[in-house]
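This report concerns only the one structure given below.
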Amino acid sequence: MKHRILLVDDEPNILSSLKRQLRTYYDVHTADDPEKALGYLKKGKPFSVVISDYRMPQMNGIELLKEVKSRSPETTRMILTGYADLDNAIMAVNDGHVFRFLTKPCEKETLLENISEAAKQYDLITSKRILLEQTLKGSVELLTEITSLVNPQASERISRVRRYVKYLAQKKEIKALWRFDIAAMLSQLGLLILPPGTMEAYIAGKKLTAEQMQLFEMHPVVAKDLVAKLPRMQSIAEMIAYQLKGFDGSGTPRDGVEGEDIPLGGRILRIALDYDLYLHLYGNQRAAFGKLEEQAQVYDPELLYYMEGMLGVEARYEVKSLTIKELYPGMILYEDVLSDKGAMLLRKSLELDKDKIDRIHMFAHKVGVTEPISVLV
């Protein structure tokens, strides 16, 4: 697949000439002013390389590339200009974090060589990010599996809450959704400290003893301390720590933080976890949301608004009984998946993806799986 590159220059003839030289090797896009270039960043796939002229109306090349760095930090940035001097080159490197500073006219071979190096730099950065995300997510899934063995109810709750968190994070136009997903997956890790029966009583709406309540309020901090030990997980740990914190400053931790000073992930977890609890207690979506409205002061008002919109999305799901061959990603298990001998293979509430469907097929081939399978579609 060809790398996508964006050429920015206020001279149409130069853009046309550059595009002719490069289109054999790259997926080339052009913009004749900086504002149009920034608009392209919002559309479609990210660009591997952005190459900008220096002297342009309204915004010079360095200012443009600083904005590119802010909006698409993994994109490699280059300057191609006919107004080269040492000061401009220094500014480009220091302020625009420019990978290469080239002068016009530029030989085709020199231009191609530098763009190739820029594309390799982009591949290096993105591959490191993908590796980090996959490694972290694999580790988190392992911890979640351990949680499910010790506390099955917490595991089922995580599966549901992940859907709510994903929906709310998308509504907030969060780019790093995986961080919020991991926060949801690990949010219940601290519940492992609770005495037997505590979580069951909480989910049933029973009043906890003073000792049980104290331990329950500690669970986000316990999870935070564990998660913070992993590299680059500090921000996720902070989300988890504030999952019981109210928008009005109530709840734990009791530190005086309130409103939008509470990490967004913590605000999302609070409303998602409470909605799931009330849905379990009252049995329908409207009653669960009504309970949220009764104590609206403890929730971020914008998230409460989005949560109401989610009710319509959830209402579009219907229960179906399907064969294994009819399963596809995005479906949600309505009942546990069992082997022919009654052993549990996958718990209800999990969202199916390709890996889980492949696992079901493998089980069906090796030990047999009870069909039909009940799913939410």
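The values are calculated or read from the model by the stated rules, or taken from the named source; none is laboratory data. Since the structure is predicted, the reported quantities are computational estimates derived from the model, not experimental observations. Positions of Cβ are backbone-derived with ideal geometry, glycine not excepted, and every protein chain shown enters the neighbour counts.
Some notes on this structure:
- Yes/no for Tyr306 being under 24 Å from the mean Cα position of the chain (by Cα) and either at pLDDT below 85 or surrounded by fewer than 20 Cβ atoms within 10 Å (Cβ to Cβ) (or both): yes
- Count of residues meeting criterion [in contact with a Gly (Cβ under 8 Å, 6 or more places away or on another chain), modelled with pLDDT under 90 and not in a helix (DSSP H, G or I)] in region 205-257: 1
- The residue of region 228-258 that is farthest from Glu133 (Cα to Cα), among those that are of a type in the set (Lys, Arg) and under 25 Å from the mean Cα position of the chain (by Cα), is Lys245.
- Counted residues, region 147-183 - those being within 30 Å of Pro196 (Cβ to Cβ), among the small types (Gly, Ala, Ser) and modelled with pLDDT of 80 or more: 1
- The residue list Ile125, Ile130 contains one member that is over 16 Å from Ala183 (Cα atoms), surrounded by fewer than 20 Cβ atoms within 10 Å (Cβ to Cβ), over 15 Å from the mean Cα position of the chain (by Cα) and at pLDDT 70 or above, which is Ile125.
- Single match in Leu112, Leu136 (criterion: part of a helix (DSSP H, G or I), surrounded by 15 or more Cβ atoms within 10 Å (Cβ to Cβ), modelled with pLDDT of 85 or more and not assigned by TED's automatic domain parsing to the domain that holds Gly309): Leu112
- Count - residues of region 164-179 that are crowded, with 20+ Cβ neighbours inside 10 Å and closer than 23 Å to Ile203 by Cα: 3
- Residues being of a type outside the set (A, V, I, L, M, F, W, C), assigned to a helix (DSSP H, G or I) and within 19 Å of Arg71 (Cβ to Cβ) - total across region 164-181: 2
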